[in-house]
Amino acid sequence: RDLFLALGKETADRIVLQGMHFSGRHGLSDEERATPQPFEVDVELMTNLQPAGVDDDVEKTVDYGLVFEICRELVESTNFKLLEAIAEGIAHEILMAYPVAEVVVRVRKLKVPVAGKLDFASVEIRRARSVADRPRVRRRD
């Protein structure tokens, strides 16, 4: 039970990073992967924020600047065919880096090659930490 509390399993607290804009080379066709295109990413991190809030201590929370960098690195430095793969990669990296109980990742492709008007295509995934997972907490140097 204490482990679940430490991981934030019994809290509705969350950190939300919404509307992160990146340029990446992802898609099914070679043409889509040849030229950078705009992507948006949202991330929700479920964790207990009370210790950080009570003590006003960044060491007791998730550094969302570093979460932003995880997302940027994955979108801008890799190539995937599917939005699902981008989202899975982001979720995996965040769960490995921070002791959050759960993460929600939304990835939007803003220029979709379809014959018609489409604002964007998107995926949303929710991934929870298993009890056996041990995060390596990332800190700024």
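Brief remarks on what is shown
- Residue 74 contributes about 20 Å² of solvent-accessible surface, heavy atoms of the protein only, 1.4 Å probe.
- Residue 88 accessible area, 1.4 Å probe, all protein chains in place, Å² to nearest 10: 80 Å²
- Residue-span extension gain [residue 84 to residue 16] - 0.36 nm each, minus C-alpha spacing: 22.5 nm
- Of 28, 118, the order by accessible heavy-atom surface (1.4 Å probe, DNA, RNA and ligands excluded), from most exposed downward, is 28, 118.
- Calculated over the range 27-94: convex hull of Cα atoms, volume per residue (Å³): 84 Å³
- Between residue 35 and residue 123, the simple label model (points 7 Å from Cα in the Cβ direction) yields a spacing of 2.4 nm.
- Accessible-area value, residue 112, 1.4 Å probe, nucleic acids and ligands omitted, Å²: 40 Å²
The values are calculated or read from the model by the stated rules, or taken from the named source; none is laboratory data. Keep in mind that what you see is a predicted model, and the values were worked out from it rather than measured. Positions of Cβ are generated from backbone atoms using ideal geometry, with glycine treated the same way; all protein chains shown enter the neighbour counts. Accessible surface is based on the protein model in full, side chains and every heavy atom, while ligands, DNA and RNA are left aside. Shrake-Rupley method; radii C 1.70, N 1.55, O 1.52, S 1.80 Å.
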